[in-house]
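Undergrad: Pasting a structure here, questions to come.
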Amino acid sequence: MRKAGRHFLQIPGPSAVPDRILSAIGQQTIDHRGPDFAKVGLRALEGMKSIFKTESHVFIYPSSGTGAWEAALVNTLSPGDHVLMYETGHFSTLWCKLASKLGLNAELIAGDWRGGADPEQIEARLAEDKERKIKAVCVVHNETSTGSVSPIAEVRKALDNVQHPALLMVDTISGLASLDYRHDEWGVDVTVSGSQKGLMLPPGLSFNAASAKAMAANKSAGLQRSYWDWADMVGPNKTGYFPYTPGTNLLYGLNEAIDMLHEEGLDNVFARHARHGVSARAAVRKWGLEVLCATQGQESGVLTAVKLPDGHSADAFRATTLEHYDISLGNGLSKVADKVFRIGHLGDFNDLMLIGTLAGVEMGLSRANVPHETGGVQEAMAHLS
């Protein structure tokens, strides 16, 4: 039976795609070697620099964010290199596993999945590395599985405090264009991101922003690469082209997304996401439930991960909300599978959409017989007003 009304896609990415971007993507495909495409490519490459807040190279791949993870590593490191990572959740762990598969010596500082990366622990580990064997420090900015944010500027200070030469690599796949991010100012060497979160596009594009130090490392890096090689991209990118077939129509959409972000103003975008995060967490606490991120000041404006009481299945709750209220909520991953659900509040998203989302969650809690207090939606409304 057909369901009336719109579906609420409230997972923490892919986010709903605005009509303006859908219309842009729907333009006729053009010759990616022809003169008209150069304008499209240059606009996208230069525009993304403004989103990353960098003057350095930005590389665009027709791939998922996982490809950009791999690109960051293979372009800068050699077989057997030691990389230090911090366990903030499911995705930091996956990046670590990918590094190991590439032949890197990946070390993971254990975390409790309740907050972002701890700069003090990173600094202490780097201070122990007297022989400077650690070649890169890899941190997830916004951990999509837990709703926690790592203090990237403080991680940079941790490297500087012990004068460690390791590259700093950051995954902001779910943070870029939603949370404040400053590639150059924060001294990041490689930033990884993707199209399907704050950039409001469908999945299919990924990005590397690379510092001058990272570009220098590319010249001596020994890991095998072909498709991902920055060196093959630099020349064609200067004139707006790519060394292989790019995601032409997604680039149309990317240019529209960049325009939309600047029309609103990046600072306003960040403030909007922060406000929605605060309001969502207020609702969760009014319900008497627990927010997974327990570190004050590191809660995400992109999503809110919610713990259900012991004995209650988060997946069963999500299935109930989907069946009865046509709303998709994010599932718990690996260590928190079936224990948490995630409310996405990112991308092209306003106050009224948040209230509708929270109403769906509150009705779902009642329908699924999850113990809770009422009034979460009203609490969020009070915060928004």
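Undergrad: Where Rh denotes the Kirkwood radius from the mean inverse Cα pair distance, what is Rg over Rh for the stretch 71-128?
TA: Computed over Cα atoms, the ratio is 0.98.
Undergrad: What accessible area per residue comes out for the chain, rounded to a whole number of Å², with a 1.4 Å probe?
TA: 40
Undergrad: Order PHE8, PHE37, most accessible first, counting only protein heavy atoms with a 1.4 angstrom probe.
TA: PHE8, PHE37
Undergrad: Just by accessible area at a 1.4 angstrom probe, what is the order of LYS213, LYS49, LYS339, LYS238 from largest to smallest?
TA: Result of the area sort, largest leading: LYS238, LYS339, LYS213, LYS49.
Undergrad: Moving on to the next point. Can you tell me which of ALA177, ALA214, ALA127 moves the most in a GNM of the chain? Springs connect C-alpha atoms under 10 Å apart.
TA: Evaluated over the chain, the most mobile residue of the options is ALA127.
Undergrad: Per Stokes-Einstein, at 25 °C and 0.890 mPa s, what whole-number D in µm² s⁻¹ belongs to the stretch 322-383, with the Kirkwood radius over Cα pairs as the hydrodynamic radius?
TA: 192
Undergrad: Could I ask something else about it? Using only the alpha-carbon atoms, how far is helix 266-286 inclined from the longest principal axis of the chain? Give it as 0 to 90 degrees, nearest 10.
TA: 40
Undergrad: Also, I was wondering about something else. Using only the alpha-carbon atoms, how far is helix 152-161 inclined from the longest principal axis of the chain? Give it as 0 to 90 degrees, nearest 10.
TA: Compared with the principal axis, the helix lies near 40 degrees.
Undergrad: Could I ask something else about it? Assigning unit charges at the beta carbon (Lys, Arg +1; Asp, Glu -1) and nothing else, what dipole magnitude in debye, to the nearest 20, does the chain show about its Cα centre?
TA: Using only the charged Cβ atoms, the result is roughly 480 debye.
Undergrad: Two-decimal Rg/Rh of the stretch 262-385 from alpha-carbon positions, Kirkwood Rh?
TA: Ratio of gyration radius to Kirkwood radius for the stretch 262-385: 0.96.
Undergrad: Defining a contact as two alpha carbons under 8 Å apart and six or more residues distant in sequence, what relative contact order in percent does the stretch 206-317 show?
TA: It rounds to 15 percent for the stretch 206-317.
Undergrad: Given an 8 Å cut-off on Cα distances and at least 6 residues of separation, report the relative contact order of the chain as a percent.
TA: 23
Undergrad: Go through (1) 0.99; (2) 1.09; (3) 0.92 and flag the label whose value is the computed Cα Rg over 2.2 N^0.38 Å for this structure.
TA: (1)
Undergrad: Pull up the DSSP beta bridges for the chain and report the antiparallel fraction as a percent, rounded to 5.
TA: In the chain, DSSP labels about 50 percent of beta bridges as antiparallel.
Undergrad: Check which residues have an amide H placed less than 5 Å from GLU290's amide H, if you skip close sequence neighbours.
TA: The list, which skips near neighbours in sequence, is LYS307.
Undergrad: Using a cut-off of 9 Å between beta-carbons, work out the net charge of the residues near LEU384 (Lys and Arg +1, Asp and Glu -1, LEU384 not included).
TA: Its environment carries a net charge of 0.
Undergrad: Which loop GluC sites (Glu not before Pro) in the stretch 315-385, with loop taken from DSSP, have no more than 14 other Cβ atoms within 10 angstrom of their Cβ?
TA: When the GluC sites (Glu not before Pro) of the stretch 315-385 are filtered for loop state and at most 14 Cβ neighbours within 10 Å, GLU373 remain.
Undergrad: Once fully extended, how much extra length lies between SER23 and GLN296, figured as 0.36 nm per residue of separation less the alpha-carbon to alpha-carbon distance?
TA: Taking 0.36 nm per residue and subtracting the Cα distance, the gain is 94.3 nm.
Undergrad: A further question on this structure: I want the local charge near VAL361. Using Cβ-Cβ distances under 12 Å, sum +1 for each Lys or Arg and -1 for each Asp or Glu among the other residues.
TA: Taking every Cβ under 12 Å from that of VAL361, the sum is +3.
Undergrad: Mind checking which of GLN163, TRP186, PRO151 is farthest towards the positive end of the stretch 131-187's charge dipole, using Cβ charges of +1 (Lys, Arg) and -1 (Asp, Glu) about the Cα centre?
TA: GLN163
Undergrad: So which lysines can LYS157 reach, going by Cα to Cα under 29 Å and dropping same-chain residues fewer than 8 places off?
TA: LYS49, LYS53, LYS97, LYS130, LYS133, LYS135, LYS197, LYS213, LYS219
Undergrad: Can I ask one more? Expressed as a rounded percentage, what relative contact order does the stretch 149-272 have, with Cα pairs under 8 Å and six or more residues apart?
TA: 22
Undergrad: Give, as a single signed number, the net charge of other residues whose beta carbon lies under 14 Å from the beta carbon of SER220, with Lys and Arg counted +1 and Asp and Glu -1.
TA: With Lys, Arg at +1 and Asp, Glu at -1, the net is +2.
Undergrad: Next question, about the same structure. Give me the percent of accessible area attributable to carbon and sulfur for the chain, probe 1.4 angstrom.
TA: So the carbon and sulfur contribution to the accessible surface is 51 percent.
Undergrad: Moving on to the next point. In degrees from 0 to 90, rounded to the nearest 10, what is the angle of the helix 351-367 Cα long axis to the longest principal axis of the chain?
TA: Long axis of 351-367 versus the principal axis of the chain: about 60 degrees.
Undergrad: Convex hull over the alpha-carbon atoms of the stretch 244-284: what's its volume per residue in Å³?
TA: 98
Undergrad: Hey, another quick one. Can you give the Rg/Rh ratio of the stretch 1-119, where Rg is from the C-alpha atoms and Rh is the Kirkwood radius?
TA: My calculation of the ratio gives 1.07.
Undergrad: Out of GLN163, GLN296, GLN27, any idea which swings most in a Gaussian network model of the chain, alpha carbons joined below 10 Å?
TA: Greatest mean-square fluctuation among the candidates belongs to GLN296.
Undergrad: Something else about it: Could you tell me the calculated FRET efficiency between ASP129 and LYS219, based on Cβ-Cβ distance and R0 = 22 angstrom, to the nearest 0.05?
TA: In this case the efficiency is close to 0.40.
Undergrad: Sticking with this one: Taking 0.36 nm per intervening residue step and subtracting the Cα-Cα distance, what contour gain separates GLN121 from SER313 on full extension?
TA: 65.7 nm
Undergrad: Still on this structure: Based solely on C-alpha atoms, express the radius of gyration and the Dmax of the stretch 132-263 in angstrom.
TA: Cα only, the stretch 132-263: 15.9, 46 Å (Rg, Dmax).
The values are calculated or read from the model by the stated rules, or taken from the named source; none is laboratory data. Note that this is a predicted model, so its numbers are computed, not measured. Neighbour counts run over all protein chains shown; Cβ positions are idealised from the backbone, glycine included. Surface areas here come from the heavy atoms of the whole protein model, side chains and all, with no ligands, DNA or RNA. Shrake-Rupley method; radii C 1.70, N 1.55, O 1.52, S 1.80 Å.
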